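Scroll down for the structure; my scribbles are underneath it.
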Protein chains: 4
Amino acid sequence: MSLTAPLHGVVPPVCTPLDRDGEVDTASLARLVEHLVGGGVHGLFALGSTSEVAYLTDDQRGTVLETVVNATDGRVPVLAGVIDTTTARVVEHARTAARLGADALVATAPFYTRTHPKEIAGHFRRLRAAVDLPLFAYDIPVAVHSKLSAALIRELAEDGTLAGLKDSSGDEGGLRRLLVGLGGRDGRARGPAPHFSVLTGSELTVDAALLAGADGVVPGIGNVDPAGYVRLYDAARAGDWTTAAREQERLIELFAMVDAGPEADMGRSSSALGSFKAALRLLGVIDDGATVFPQIQLSAESVALVSQRLRGAGLPPVR
Amino acid sequence: MSLTAPLHGVVPPVCTPLDRDGEVDTASLARLVEHLVGGGVHGLFALGSTSEVAYLTDDQRGTVLETVVNATDGRVPVLAGVIDTTTARVVEHARTAARLGADALVATAPFYTRTHPKEIAGHFRRLRAAVDLPLFAYDIPVAVHSKLSAALIRELAEDGTLAGLKDSSGDEGGLRRLLVGLGGRDGRARGPAPHFSVLTGSELTVDAALLAGADGVVPGIGNVDPAGYVRLYDAARAGDWTTAAREQERLIELFAMVDAGPEADMGRSSSALGSFKAALRLLGVIDDGATVFPQIQLSAESVALVSQRLRGAGLPPVR
Amino acid sequence: MSLTAPLHGVVPPVCTPLDRDGEVDTASLARLVEHLVGGGVHGLFALGSTSEVAYLTDDQRGTVLETVVNATDGRVPVLAGVIDTTTARVVEHARTAARLGADALVATAPFYTRTHPKEIAGHFRRLRAAVDLPLFAYDIPVAVHSKLSAALIRELAEDGTLAGLKDSSGDEGGLRRLLVGLGGRDGRARGPAPHFSVLTGSELTVDAALLAGADGVVPGIGNVDPAGYVRLYDAARAGDWTTAAREQERLIELFAMVDAGPEADMGRSSSALGSFKAALRLLGVIDDGATVFPQIQLSAESVALVSQRLRGAGLPPVR
Amino acid sequence: MSLTAPLHGVVPPVCTPLDRDGEVDTASLARLVEHLVGGGVHGLFALGSTSEVAYLTDDQRGTVLETVVNATDGRVPVLAGVIDTTTARVVEHARTAARLGADALVATAPFYTRTHPKEIAGHFRRLRAAVDLPLFAYDIPVAVHSKLSAALIRELAEDGTLAGLKDSSGDEGGLRRLLVGLGGRDGRARGPAPHFSVLTGSELTVDAALLAGADGVVPGIGNVDPAGYVRLYDAARAGDWTTAAREQERLIELFAMVDAGPEADMGRSSSALGSFKAALRLLGVIDDGATVFPQIQLSAESVALVSQRLRGAGLPPVR
C-alpha cells in the first residue's frame, strides 16, 4: 500500500514474538498484526526499537518484515526500520526492505560513531537516493546519543529527502517549535513541505502532541491496546480534547505495567519490552512473552503485576 | 498574601533589571511587577533561574525580593527562590525570604555535590521544618544535574512537606504520569495531597500541560507577554483548547527571539535571558537590557531581531 | 606564606571535622592540620570539595579558613577554595579569604548556569583583578558540569590570570597534552608561563601525573595518609619510578575504603567523604567522623571495613 | 598465530584504506600491515573503531580481515573486532572472524539498547561459548555509552570468559584500581587470572599505563609511527621511564595532527581518523587518505598541517 498522503494516525511499533528456541514466531506475529489492524490502527512500524530490531540478525529481520507485510496484506501501510550504525549498512537493510514490500523506511542518525549534523544530512540524502521509498527520520537520542535538530529536519523536509519524522526524543518543546515552523496543523497543508508527516513516539502525551498539530503516534503500548489509541486519536480529530485526555490517562495507568516487579530496577528497557510482550501473551495474542537474549526475563511476580494492570484498564487476561 | 488554596494560573519568574553599574534597578523592577500584575498574572516567582538568581549576591537577592514584595503589595502571592548548593545554605536564604515577606519558597535539590534521593528527601524535610512557609520543589535537571523522581515528589506531597512542584525538567511524559498518580484534575481535589499544586516551567507546551491537569505555568517569556499566557490559561480553563493552542503558537513564534543573532551560538542560557530583557527594554518596561556579568551581552543585530519578533506577535516596541 | 615559586608537592584538600551539633570542630581541625603538616605535605587546600565546602554556610567557611591558617602558622601555603555559582558571589568569598590570610585562591567555572568559554575566561579575569592573590583554576566537571579546555587554560596561564590548575577532570590524556604544550617538565621553567603550577586531583594515578610533568597532587585520601603521598612524591622526584608506583599501589589499596559497606550503593560522594572522616577518627586525629547534613552517615559495618583497610595499609587504628 | 601467552606490547588498530570508489584498497592495506609489522609491533587489531568498522558492510569487513590475516602471515597475532549491537549479531561476526583466521576476538558491550551489567555478562559468556577464540572486552563508553565496571571485568577474567581487556574508557583511575586488583605487574603472573591481558587504548598516556602494570597499548596513531610506540614500550619494559616519557611526549606532539584545520570543529572523530589516513598517504604507505562516507574529508589546509606535524616528529612525508 503506497503512501499517497501524509501518514497519520496510530502506527504501533510491532513487537517481535519469539518461540521457545528464540526464533521469530511467525504465527504469533501474524496474530499480532491481526490484533493491531483489527484494533483500527492506521499503519504498522516493523523493525523498530520496540520490535527489538537491535537484537535480531539480518535473517530474523527479513522473516519479521516478510511476515508483517504478508499478514497486513495492504490493509495499512507498513513502515520498516532500517537500523544500523552507518550509511552503507543502512542502505543494505533498505534494499532488503524494499524487496520485501515495505511501504516506507525509518532510519536513525548514525550511531556508535560521533557524527556531525552535516554528515547526518549526507547520510539521509544518500539513503533517499539509494532506495526509492518514502523515508522517515527516527529521532531517538536515548539509543543513538545525538539529537536531530529542528533546523536539520526542516531542511530535509523542504528538499524532499524526508517524508516524515518519528520523534522519540522526548523533547516536546522542541517538537512544538518544529510543528509551528512547519505550519499547517489540523489537516491544512504544511507550507514548504506539504506532505511531511510528524509522528510522536511519546506515548504518554499523545493528546498533547495531536493538540500541537502532530499527525500521529507510534505507541509501544499500542501493541497491547491499539483500540485505546485509536479512540484517543479519533476523539482528538473530532476536537473532543476532554475525551482524548481521559483516554490518555487510562492508557497511562495501563503503561504502569513497565514498572512491574524487581527487574524494573534493572533498567526500563528490558522491563518495558518484557511487560508489553507478557501482556500480549496474557491477552492470548502471542504464545510466549520472552524477549531476545541477553535481556533478562520478567519474573512470575512481575507478570502478575502486568496481569493486574490489564484488568485495571478493562483488558482482562485470557490466561 | 498567604496561599490559602493551591497555587494556580500564570506565575512568571520575574526578570531582574540592572542599572548601568550592574546593580539591581529597583525602579525598573517595580515597573516590571506592575506590567505583570497588570497583565493579569496569578502570582510572581522572584529569584528563580530566569531572575539570574545564581548571579546575584545575597545583598542583591534581598533587594530584589524586597522590591517585588513591596511593589506587589499583596495583590498576588510572591514565591521566592532559595537557590544554593545544600541545606544549611538554603535555610539561610529561606529565613531571609520569610523575613522579607515571601508567601512561599521554591528550592531545588542540592547541586555541585552528588546527592542520593534519600538525602534529597531529607533536604526538603529539614527546609520545611526550619521555615514555616509553603515549599515548592523546583525540578531543574539542566541546572542541578539530578531529576526529582515522581516517587519522591509523591512521598513529599503526601506527607505535607511540599505544597507544590515547579517542573522545569522537560520530561513531559514523567510529569503526566505524576499528574495521573496525584489524581484530581480540573479543579477536583487531588487524592492524598489535595492542596498540591503542579506548575510547569515548559513554556512552549502550556496548553498540553493544562490539558494534562497541571495547575499553572511559570513562563520565562511571560515577562514579555503576561497577558498572552493569561489568555492561554483562561481559554484552557474554559475548555476551549483550540483557542489555547492558537495562543500557545503565537507565544512560540514570540519565543523565537531566543534564537536571535550570533550569540545564540554561545549557548541558549545567555541568549534567552538577554532576549527577554532586551524585549522588556524595547517595550519600555525596564530601562536597560543588560544581563549580569560574566554573561555576554546581545549584539545590536540580535536586539533588532528581538524587535522584529515583538512586532510579529503584536507587541510593538516603543523604542 | 606567600607563593614565591610555583606550588608543588602534596597539597591535601583538608577535611572539615564536625562536632556533635554539626558545627565545625576547630580543635579537631587544628589537629588535622598538624597531622598533615607533620606528614610533610607541601601545602594545604582548605574549603575544597573534599572539605564539604558546598555544605558549609559562609560563617562556617570563615571558621574553617581561620582555623587552618592559624594552625598552619605559615609553615606551608594555604590555598582557599572560593566556591560559588558565579563571579560576584565568588569575589565575595575571595575577599573574605584574603582577609583571613589565605595564600592563594582556588575557583571553579560558574555552575548552576550554562556558561560559554568566553564567559568563563571573563569570570577568571575579573576574579584575578578583584583580589590580589595567586589564582588557581579548579577543573571539576563532575561538580560544575563543564570542562575547562586546554586552550582556555593556556590562554589564562600565559596572560598571567592563573597561577595554576587543579585538575580534577579525570581526563589524563587532556592533562598530558596540556603539560606538553606548557613545556618545562622536571623543574625546568615552563615556556610562556614559567611559574604556572599543575596539580592533579586524580589521587590514584599520581605517579603517572608526575612522570608526565605535573607539579603536585591534591589527594583527598592524603588526609588519611599524608606521609604516603609525600613518599610517593619524593620517589618520583628522585626518578625512582618503581618505588613511586609501589607506594601508589599501597595507597590504592587504602583508597578501597570508599567502597565500604552498603552506603557505597548510595553514591560515591557520600561514602568517600564519610570513609575519609571515619578513618581520621579511627586514627585519633579527629573526634567525630560525621559528614554534613543531608549526607547519610556510614554504618557501623562500613566503619569496620574502613578500619580493616587502615590495618592493611599499615595504619593501625587507635580506637 | 595462536595466543599462547598473554598478549602484550604494541597492537595498533589497523586503519582501513579505501580506493577511489570507496571500497577497501587491499593493496594499500597489505602495505600498511608491512609498515606496522616492520615497525616491530606485537599484534594487530583489525576491524576496530579506528578501522572505521562501524562504516563497513559485512562484505567489506570480510575483505579487511582476510587481507590483514594474509598479509600478516602469522608473524604476529591478529585480533578481530566483532562490533555490532547485540549478542546474536556479534556471534555471526565472530564465526566469520574465526573462519577467516583471526587469533582473537574483540567485542564491546551491547549498544543502541540499554543493557544491564548482568545482561552484559551474559552477552560475553554466550559469545565465548559460541566461538572458541580468546575474547577481549572492548570498553569504549564514547561509542557504546556504558562503562564496563572493574567488578564485571574481574568476574569475567577469573571465570575464563575473557582473555583480556582493551580499555578505551579514558578512566585511568579505574584502570589503575583494576590492575591493582588483578595483581601481578612486571611480568609476574596475575593472581586469579594469570593469563589476563590489559591493553590501554589511551594512546597519550602509555608510559603511565605501563608503569601501572598494563600489558600493552592499542594506539590509533601507532598506524603512523609504530616504531615510536615500540621504542616507548621497550624503554618502559627496561625500566627507563624517562626515555619512555620523552618518547610519549614526541608522540603527543605528533598526535596534535588531529586538531588540524577547520574540520576539527566538526568533531574529533572525523578529524582524527582523517588525519591518520592523510599521514599514511603522505608517508607513502597507502594510496588515498579518504575516510568512509558520510564522514567529511580533510581540507587541503588540514592535510598541510598534518604534513607539518609529521616533519616535526621526524617522519618526513614522501609526497
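The values are calculated or read from the model by the stated rules, or taken from the named source; none is laboratory data. Every value quoted in this text rests on a predicted model; they were computed, and no experiment measured them. We place every Cβ from the backbone using ideal geometry, glycine too, and count neighbours over all the protein chains shown. Remember, those area values only see protein heavy atoms, side chains included, never the ligands or the DNA or RNA. Shrake-Rupley method; radii C 1.70, N 1.55, O 1.52, S 1.80 Å.
Charge tally around C:Ser169: other residues with Cβ under 14 Å, Lys/Arg +1 each, Asp/Glu -1 each, net -3. A Förster radius of 22 Å combined with the Cβ-Cβ distance from C:Val318 to C:Glu34 puts the calculated FRET efficiency at roughly 0.90. Counted over the protein assembly as shown, the DSSP beta bridges are approximately 5% antiparallel. Would you mind checking B:Lys118/D:Lys147; B:Lys118/B:Lys147; D:Lys118/D:Lys147 for any pair whose Cα atoms are more than 19 angstrom apart? Correct reply: B:Lys118/D:Lys147. Applying 1/(1 + (r/R0)^6) with r as the Cβ-Cβ distance of C:Asp159 and C:Ala227 and R0 = 51 angstrom yields a FRET efficiency of 0.85.
Exposure check, 1.4 Å probe, all protein chains in place: B:Cys15 carries approximately 0 Å² of accessible surface. With Cα atoms as the point set, the protein assembly as shown shows a radius of gyration and Dmax of 31.0, 87 Å. Taking GluC sites (Glu not before Pro) across the range A:49-94, none is in a DSSP loop with at most 14 further Cβ atoms lying within 10 angstrom of its Cβ. Peptide C:103-116 has a mean shielding of 5, counted as Cβ atoms of other protein chains within 10 Å of each residue's Cβ. Counts of other chain beta carbons within 10 angstrom of each beta carbon in peptide A:199-208 average 4.
Over the range B:7-160, Cα pairs under 8 Å with separation of 6+ residues give a relative contact order of 18 percent.
Each semi-axis of the equivalent ellipsoid for chain A is √(5λ) with λ an eigenvalue of the Cα gyration tensor; in descending order they amount to 29, 23, 18 Å.
Anyone know which of D:Arg231, D:Arg128, D:Arg246 comes out most mobile in the 10 Å Cα GNM of chain D? Judging by the Gaussian network model, the answer is D:Arg246. Taken along the Cα-to-beta-carbon direction at a fixed 7 Å, the label points for A:Asp132 and A:Asp73 span 2.9 nm. Between A:Asp21 and D:Lys147, the C-beta separation translates, for a Förster distance of 35 Å, into a calculated FRET efficiency of about 0.60. Averaged over the residues of peptide B:292-301, the number of Cβ atoms from other protein chains lying within 10 Å of each residue's Cβ is 4. Across chain B, the mean sequence separation of Cα contacts (distance under 8 Å, 6 or more residues apart), normalised by length, yields a relative contact order of 18 percent. The contact between chain A and chain D removes approximately 3700 Å² from the accessible area (both sides summed; 1.4 Å probe; ligands, DNA and RNA excluded). Both radii come from the Cα set of the range D:24-173: Rg as radius of gyration, Rh as Kirkwood radius; their ratio Rg/Rh reads 0.96. Per residue, the accessible area of the range A:108-213 comes to 32 Å² when a 1.4 Å probe rolls over the protein heavy atoms.
Using just its DSSP H runs of length 4 or more, each adding -39500 (n - 2.57), chain C gives a mean residue ellipticity at 222 nm of -13500 deg cm²/dmol after division by all residues.
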